[in-house]
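Colleague: Here it is, the structure, as structure tokens.
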Amino acid sequence: QVQLVESGGGLVQPGGSLRLSCAASGSIFSINAMGWYRQAPGKERELVSTITSGGSTISRDSVKGRFTISRDNAKNTVYLQMNSLKPEDTAVYYCNADVRAFDGVRVEYWGQGTQVTVSS
């Protein structure tokens with residue numbers, strides 16, 4: 001019904017950059033918040049950054065000034081520009097979307113995850 005497809009992960013050196021993208025498709029009336037979470041081995045999944053359809057953003061302190069989230073509402077797509085990457089940013093990054101169906105019900109969806117590895 002609703003699918004989130006992520007892309008853009010990979011292997012980069014410390015200080016490098018990556019741009020993640022996530023496109024939502026399916027039976028969607030609207031999407032409130034879209035964003036990114038990440039999970040490193042042995043750790044809990046944590047919020048990275050989110051953005052609403054109106055452009056309001058929330059980011060964890062450790063990525064502020066380095067990561068920028070943006071969104072194209074017409075394409076139901078969210079992006080995460082990651083600069084000055086650090087080894088501690090290494091994780092699987094998951095796209096998340098708060099989707100409103102045509103019946104008015106809101107349901108949360110997750111992408112399959114994309115691996116980001118920061119290493120020299």
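The values are calculated or read from the model by the stated rules, or taken from the named source; none is laboratory data. This one's a predicted model, so the numbers in the text were calculated from it and none came from an experiment. Note that each Cβ is placed from the backbone with ideal geometry, even for glycine, and that neighbours are counted across all protein chains shown. Only protein heavy atoms, including side chains, enter the accessible area calculation; ligands, DNA and RNA are left aside. Shrake-Rupley method; radii C 1.70, N 1.55, O 1.52, S 1.80 Å.
Colleague: Name the single residue, out of those in segment 76-120 being of a type in the set (Phe, Trp, Tyr) and exposed (fewer than 15 other Cβ atoms within 10 Å of the Cβ), that is farthest from the chain's Cα centre (by Cα). Outline the logic, then answer.
Modeller: Residues of segment 76-120 that are of a type in the set (Phe, Trp, Tyr), as a first pass: 79, 93-94, 102, 109-110.
Add one more test, that the residue is exposed (fewer than 15 other Cβ atoms within 10 Å of the Cβ), and what stays is 102, 110.
Numbers: Phe102: 24, Trp110: 10 Å.
For segment 76-120, the residue satisfying everything is Phe102.
Colleague: Now, a different point. Count, please, the residues in segment 37-62 that happen to be open to solvent by 80 Å² or more (accessible area, probe 1.4 Å) and either on the phi > 0 side of the Ramachandran plot or not in a strand (DSSP E or B) (or both).
Modeller: The total comes to 6.
Colleague: Right, another one. Considering only segment 88-120, state which residues are more than 16 Å from Glu46 (Cα to Cα) and not in a strand (DSSP E or B).
Modeller: Answer for segment 88-120, where residues must be more than 16 Å from Glu46 (Cα to Cα) and not in a strand (DSSP E or B): Ala101, Phe102, Asp103, Gly104, Val105, Ser119, Ser120.
Colleague: For segment 1-36, enumerate the residues that are open to solvent by 60 Å² or more (accessible area, probe 1.4 Å), in contact with a Ser or Thr (Cβ under 7 Å, 6 or more places away or on another chain) and more than 14 Å from Tyr93 (Cα to Cα).
Modeller: Answer for segment 1-36, where residues must be open to solvent by 60 Å² or more (accessible area, probe 1.4 Å), in contact with a Ser or Thr (Cβ under 7 Å, 6 or more places away or on another chain) and more than 14 Å from Tyr93 (Cα to Cα): Gln1, Gln3, Gln13, Pro14.
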